[in-house]
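What follows is one structure encoded as structure tokens, with my remarks underneath.
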Amino acid sequence: MSQGPRSGLAAVSSALLAMSRHLEVRDVLKTIVASARELLDAQYAALGVPDDHGGFAQFVVDGVTDAQWKAIGPLPRQHGILAAMLQEAKAERLADVRTDPRFEGWPSAHPEMSDFLGLPIRDGDEVIGALFLANKDCRKPEGGCGFTAEDEELLSILAQHAAIALTNARLYERSRELTIVEERSRLAHELHDAVSQKLFSLRLTAQAAAALVDRDPSRAKGELQQVAVLAAEATEELRAAVVELRPAALDEDGLVATLRTQVQVLDRAHDARVTFAGSGFRALPAAQEEALLRVAQEALHNALRHSGAAHVDVTVNRRGGGAVLRVTDDGSGFDPHRTRSAGRHLGLVSMRDRASGVGGTLTVESAPGKGTTIEMEVPGG
């Protein structure tokens, strides 16, 4: 490498650090491609993740404008050199890809490419992607490839770490999917317990009203009024469940904005007055923000469904390098010690687990008739 080993190692280190900063698969792919193109001084770079149908589930490029990419058309199929890298699982270094017998052409809007370096990205024996570069920015030897054996070795090192980053990103996304499934399962139980009871009561009340219409119209009218009340309560339960089913926008909006939005919707869906106050602060690690959000949701659920509170207040503020969340209600309250000994936890165990899992603490202050305050503090990242 013309820049020398010290600057070369620094470049590799920067590329690997950039890959490790991302958890979303698409972000990891884009970072891998950009890092490879910059590291090896190529005009174009691309990375394809194969699907099970002869095409690519994802295909990321660098060095091509959005307009050029749109003009090129549909994603490529697994043929030619791409298929060779995926099927034969070996590196390909060519002086001119267009003269290779396996070359099958490209769309008219595709940029012209000559020297080519590509290799598979492997996770054990499985090929999980193909990484390739084109048009090395250098003087090319007569009839030779601009990419050198040293370039191939460097790209191989990058591909090995890319496999780790890509695998970790996939595992992260799968874990998030499992979390969503668990949340939906919990909400399904809530929906069954809450709404089904309301609908059952509504049906019985409607039947009673029908039986009273002829012999006692006054009582029938009262029963019909109760039907309207029960129907409104069932509607509120459904609205609250739908709100919780929507994915939290932590990645896009941050903790404060996400909590504020959820509190505003809950305030509209319930009779209780639900308020939020929070000051902006430096973003916390993703795990800490998610834990704070989940504890806030659990505490709000308890306050709105079980306490009979007229007011519920949520605050989140900076404390030192970290943050503190507080959810306070003026509901019926409870004895935390008696609740624990009776085997009823009201979600307190899961809240404490979430807090300790990110190095935080959870405190619960409550007494019968005195309302409840749940406070969670997490350290800075």
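How many nm separate the modelled label positions at ASP27 and LYS140, each set 7 Å beyond the Cα in the direction of the Cβ?
The modelled label-to-label distance comes out at 3.7 nm.
Leaving out ligands and nucleic acids, and using a 1.4 Å probe, what accessible area per residue does the stretch 37-159 come to in Å²?
Ligands and nucleic acids excluded, the result is 51 Å² per residue.
Mind putting a number on the dipole of the stretch 65-119 about its Cα centre? Charges go on the C-beta only, +1 for Lys and Arg and -1 for Asp and Glu, and I need it in Debye to the nearest 20.
Dipole about the Cα centre, nearest 20: 140 debye.
The values are calculated or read from the model by the stated rules, or taken from the named source; none is laboratory data. Predicted, not measured: the structure shown is a model, and the values here were computed from it. Using ideal geometry, Cβ is built from the backbone for each residue, glycine included, and neighbour counts are taken over all protein chains shown. Side chains are part of the model used for accessible areas, which takes the heavy atoms of the whole protein and leaves out ligands, DNA and RNA. Shrake-Rupley method; radii C 1.70, N 1.55, O 1.52, S 1.80 Å.
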